[in-house]
Amino acid sequence: MSGLQGLAQENIWFDKSRYDEAERRFYEGVNGIPQTSQERDASAILQDIAKARQNIQQSLAGSQNASKSEDQSELVSRLKSLELDNKNLHKVVDDLRSMLSKLESRMAVLEKSQTPAAKTVTVTKAAPVQKPKVEEHNGADDDDDDDIDLFGSDEEDEEAERIKEERVKEYAQRKAKKPALIAKSSILLDVKPWDDETDMSKLEECVRSVQMDGLLWGASKLVPVGYGIKKLQINCVVEDDKVGTDLLEEEITKFEDYVQSVDIAAFNKI
């Protein structure tokens, strides 16, 4: 059956006339029949064709062998990788089994340790509850109980009140000794003159001459306003309970020969 299949795959049956002609010429040459130049050329061509066909078949056989060897090497490498993976899987399974066995042993130990505790709990629950005994007292005992003072004597109440008053006095004395917090403010004043001919040093002297309890003058400087006129900018610290801004402006504006107006440029709590 394989021979018939091989013949069916051959291509010589399509060019049968050419092969018959070549066979006839071959036998004529063997038998000594003279050949013409064309027949010789044709036989040479046929021989070249046969050689080429043989070379093609050899090259095809070599390529098939090479492909087979490559396929075999690839199969071998894949088999090796599969074997390695199989070994790793076996190792992982063994580790899991060992961990599972350890967990089972620990669970067994825990169950054994918990069983006695559960038994003791059940025993304590099953224990009967003892009822308190009620003792009967005579009338004389009741009279003795009435003589006991449950709320203490009046002397103890007076002592407690005295201690409380002393503690209140001590707290009031400690609070009085602490210095009271004085609220202060920092004020920046703008004192403007009448014109550019006003003596600014005399103006500052007049402003600083204002003195009162809770007032402290600070730094000052001359700030240009325009057209050669300069204003006096002076800082002061006041106690809020003693000195007010209205009182301070009123005292400064009393110097009418030098002061035109007083404005508050900045006001900050300290």
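Okay, here's what the table says:
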read-out: Net length gained if the chain between residue 171 and residue 159 were fully extended (0.36 nm per residue, minus Cα distance); value: 2.5 nm
read-out: Sequence of 227, 27, 258 when ordered by accessible area, the most exposed leading, probe 1.4 angstrom; value: 227, 27, 258
read-out: Gain in span if fully extended, residue 182 to residue 83, counting 0.36 nm per residue against the direct Cα distance; value: 26.5 nm
read-out: Residue 80 accessible area, assembled protein chains, probe 1.4 Å, Å²; value: 130
read-out: Computed accessible area, residue 242, all protein chains, 1.4 angstrom probe, square angstrom; value: 110
read-out: Under 5 Å, built H, 5+ apart or other chain: amide partners of residue 184; value: 240, 270
read-out: Long-range HN-HN contacts of residue 194 with modeled amide H, under 5 Å; value: 260
read-out: Phi-based couplings in Hz for region 105-110 (Karplus 6.51, -1.76, 1.60; Gly and Pro marked x); value: 5, 5, 4, 5, 5, 5
read-out: Residue 24-residue 61 FRET efficiency (beta carbon distance; Förster radius 41 Å; 0.05 resolution); value: 0.85
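The values are calculated or read from the model by the stated rules, or taken from the named source; none is laboratory data. These numbers come from a predicted model, not from an experiment. Please note: Cβ atoms are built from the backbone with ideal geometry, for glycine as well, and neighbour counts cover all protein chains shown. Please note that ligands, DNA and RNA were not included when accessible areas were found on the heavy atoms of the full protein model with its side chains. Shrake-Rupley method; radii C 1.70, N 1.55, O 1.52, S 1.80 Å.
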